[in-house]
Structure formats: structure tokens, C-alpha cells
Amino acid sequence: PCTGTPALAFPGHSHLALPVWAPPGTLSGTPQVLTPFLGSSPGHPSPAPAPPVQFAPHSGSQTPGSEKGIFPPRGSSPEPLSCRRHKLYREEQNLTSPAAPLPLRPEASWLQFHLGISRDGLYPRSSPAVSSLLRDMQEFPTISADYSQDEKALLGACDCSQIVKPSGVHLKLVLRFQDFGKAMFKPMRQKREEETPEDFFYFVDFQRHNAEIAAFHLDRILDFRRVPPTVGRLINVTKEILEVTKNEVLQSVFFVSPASNVCFFAKCPYMCKTEYAVCGNPHLLEGSLSAFLPSLNLAPRLSIPNPWIRSYSFHGKEEWELNPLYCNTVREIYPYSNSNRLLNIVDMAIFDFLIGNMDRHHYEMFTKFGDDGFLLHLDNARGFGRHSHDEISILAPLSQCCVIKRTTLLRLQLLAEPEYRLSDVMRESLLQDPLAPVLTEPHLLALDRRLQLVLAAVGTCIDTFGEATVVANDTAQPQSPAAHRAKLDT
């Protein structure tokens, strides 16, 4: 049978009681992580729970389902906790739902961002909605916090007594704001000045919140516009996560550390150990917030294996790592044989090489835009891990296929000029994020070094096959990076 556990009340939060951390073996018959017991409190009257709010995307001035729009025309309960995790109680007195339904604002920044998605990118070059969205994600209070759907589906699918991933890499939450917008929260796992150990495999590397932020800025500077808007924020883990979540599993992983900091850790299947928790100071925690894309019901997406996927094992290599003519095989496979897909793969490889991301096993794209649609550059948190190392194998799609878009090449050449040096443009852009400095100086200088390696690879291809064969014409006109210095105002 489960036994009681000692709890520690928060100063100023008497209705919350979290477990006190205890070293292994010091409390006989109780687990190492002591579960919270959330009960009612006489000092906190119970507001009436809000009824569920139903809403549909507002068409605004743009007609969903138009030629460039993303939207079509108009027309499990969590796994029960075992005895190792004491049952959690949360009575109505502790619910934080507002007493009255919140109205959906048609001008909400996240909705305008969704309506602005087109076959050219996630947002236009001049997009006031993106600036508003970044500001709202930074400032709006949260009204709920929960695990992502993927993590919910996997809860209970593994044995929490086993160490699943030694680095405890995964920990992310879905936060919802008062305007019904949603963002993916990734907390700080690694200090900015720390490099990924060289013995780490890429598939157990940390997920860095500052890498998500920097990737968004770099993607925008490169004029790809394929990374969802992302901003840094200091989150109060007590007020903005614990007090607003209704997920008992999420509540159960909060505890108070020996240093009196509020901490939480990832539930199975990732890591269920306090050693891999993230902690506030004592309540505030840095993290990145990435805007959600439209739901799959409104804007279906495909997840497609990357032809240059890496071997996710300790032994063995993929064919592309052994066969320098691998691209000839890829070119014979639809849709890489007769569309822009291969050129978009090369764009993605250049982007990943610049940030040092080796973990691009899949890519996603909106089905509405067909085979020539742009590729989404999602999940960039494993970038910017090692500024002292350039992983040249990430450029395999470019070096093996020897093709590149003219607009991409012109952009890269411009960012290599002293007046528009990539590190300078990135440095100035990142200063506008609330968590600046986002990257250390060595990471910024590594961008310039890697850019020269990309241009050298293109030069080698042109010397071998000729510019007419290597450089593919496309219709878009590249914009000066100087324009982003004004447009990245958050």
C-alpha cells in the first residue's frame, strides 16, 4: 500500500504542497521522488469552472483555401499512476480556469500568422503578425500547460526504472495563452558557454532552448521562412505551469530541490529521474516558445524520411555515407526526380550545417502545396552544440548532388560580404530577444567559418560540372539582410 509523503508548502502559495526531495534510501518504503499532495485550501475559494470554448478559424480579410492560403475551403485519458506515484488529488478549489469564457479575437496574432502561410513560406517577408506573435508569446499569461500529444501517447509505454536516454534530453510542454494561442516550451538544459561533449552521439545530445531561438533568426536572415516564430521567455514554473495544468501526471513530477528551487522532470518514456530535472531559480526558468502550426485537421502535413538520414545506432552507416554516387539513386526516386524537392533538401542541409544539427531524420511539408511545397525546418534544438567543430557530412546533399538554388547562393554570397557579415547580422538580430545574448561569440564566428565552407563546396561543384548545371534558377528575388535589422523587431 502507498504511504504518506512529507510535503513542503510554497511561500505565498499555501494551496500548493510539493514533495521534499530525499536522497535514495533515506525514506524506507517510499520512492526517491516524493509525489505532491494537492488538496483544498480554505484561503482559495473555488471559481466556477469555465465551459469548453468552441471556435473555428476566422477568415479575416484573407479567404481560406485561396490559391496561396493554407486552410481548406469552409464548408486518452492519462495512464493511471501506480502505487510508486501516490494518487494526486486536485479539487475544484484549486482549478484556475476563468469564470467566464474568453472571446476569440479574429485579430489574434497566432491566427493572423496561420492565415499568412503560403506556398512561399510560413510568413511573408514583411509580416507584422510575426512581430506581434513574438511579443504575445513573450508577454501573455498562460492559462494551461500540458504534455504534447506525442508524449501523451507514449506515457506508460516504458519502464521508468530503466534509464532510457542517458542525457535526459527530452522535456517539452505545450502552453496555451489567454488568446487561445499555443506554443511549445523547451526549458534551458545547458548553459550557453557549454559545448556538447565530443563523445556524445547526436541522438542523445541535449535539446537547447537557445538553439531553437537562434535557428528561427538564422532561417529568417537566410530568407527561408520555414521555422515557426520562436522567442525566449522567463517562465515562472509555479504560476505558469504547475498552477494552471490539469494533467495529474505533469503535476506529479514537480518537487522542491535541496536548494529550495522548484523543479520538474520528464515523465516516461524519456526520463523519470530527479537527476535529469530542470529547476527554476527558485521559480523562474529560461526557455524557448515556438508557435504552433495550424492543426493537422485544418492543414494536413506529411512527415517524410530524409534521404540522407543518419544511422540511429552505435554501429553501422547509411548508404549515403559509403557511396559518393548516392545522389544518382535519389534522383531516380519520385519526387526527387522531377520537382524542387531536391533543391529544398539542399537548402535544409545548408541550414543544418550552419547550425550544426545532425538530427534531421525526417522533414515535414504541407500537403496543400504539393510536391514543390517548402520543407518545414522544425525541431532545431540540437543545433549550436559545438562551435569548435564543423560536421562537413551534413553537407552531403550539396556535395553529392551539386545543385543549389540561385536565390540561396546569392543570399549566401551576400552574407559573406563584410558589410553584411552573417555573424554581425545574427548578433544584431538576436539582441532583440528577451534572453539575449542568445549565442556566445564563438558560435557566431562559427557561422562565418561554416558559410565559407558552404561556398567552397558550391565552388568545387561549379568547377566540376559548370555553373549552368549546378545553379538552378528560381523566381524569387533575394532581399538584402539589412532589411531584417528593422523587420525583426519583437
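The values are calculated or read from the model by the stated rules, or taken from the named source; none is laboratory data. None of these values were measured; they are calculated from a predicted model. Neighbour counts are summed over all protein chains in view; Cβ atoms, including those assigned to glycine, are modelled from backbone coordinates with ideal geometry.
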Taking the range 120-133 and the residues there that are at pLDDT 95 or above and touching a Phe, Trp or Tyr at 6+ places or on another chain (Cβ under 9 Å), the one that is surrounded by the fewest Cβ atoms within 10 Å (Cβ to Cβ) would be S132
Residues of the range 272-309 being in contact with a helix residue (DSSP H, G or I) (Cβ under 6 Å, 6 or more places away or on another chain), in a loop (DSSP other than H, G, I, E, B) and modelled with pLDDT of 95 or more, which ones?
P294, P300, P307, W308
Pick from the range 416-427, criterion in contact with an Asp or Glu (Cβ under 9 Å, 6 or more places away or on another chain) and of a type in the set (A, V, I, L, M, F, W, C), ranking: surrounded by the fewest Cβ atoms within 10 Å (Cβ to Cβ):
A416
Determine whether T238 is modelled with pLDDT of 90 or more, in contact with a helix residue (DSSP H, G or I) (Cβ under 8 Å, 6 or more places away or on another chain) and over 30 Å from P124 (Cα atoms).
no
Just checking, which of S339, S290 is under 22 Å from Y147 (Cα atoms) and hydroxyl-bearing (S, T, Y)?
S290
Cβ-Cβ distance below 6 Å, separation of 6 or more or different chains: which pairs start in the range 393-416 with a residue that is closer than 23 Å to L325 by Cα and end on one that is at pLDDT below 95 and surrounded by fewer than 22 Cβ atoms within 10 Å (Cβ to Cβ)?
A396/W320; K405/D474
Within the range 307-340, take every residue that is polar (S, T, N, Q) and over 12 Å from A396 (Cα atoms) and give me the one that is surrounded by the most Cβ atoms within 10 Å (Cβ to Cβ).
N340
List, please: which pairs have Cβ atoms under 7 Å, are six or more places apart or on different chains, and start with a residue in the range 173-185 that is buried (at least 21 other Cβ atoms within 10 Å of the Cβ) and end with one that is part of a strand (DSSP E or B) and of a type in the set (F, W, Y)?
L173/F185; L175/F185
For the range 170-194, give me each residue that is within 12 Å of the chain's Cα centre (by Cα) and basic (K, R).
K172, K186
Answer yes or no: is there a residue in the range 349-368 that is at pLDDT 90 or above, in a helix (DSSP H, G or I) and of a type in the set (G, A, S).
yes
Positions within the range 461-490 being surrounded by 14 or more Cβ atoms within 10 Å (Cβ to Cβ) and either within 24 Å of L325 (Cβ to Cβ) or modelled with pLDDT of 95 or more (or both), in sequence order:
C461, I462, V470, V471, A472
Determine if the range 383-391 includes at least one residue that is of a type outside the set (D, E, K, R) and surrounded by fewer than 19 Cβ atoms within 10 Å (Cβ to Cβ).
yes
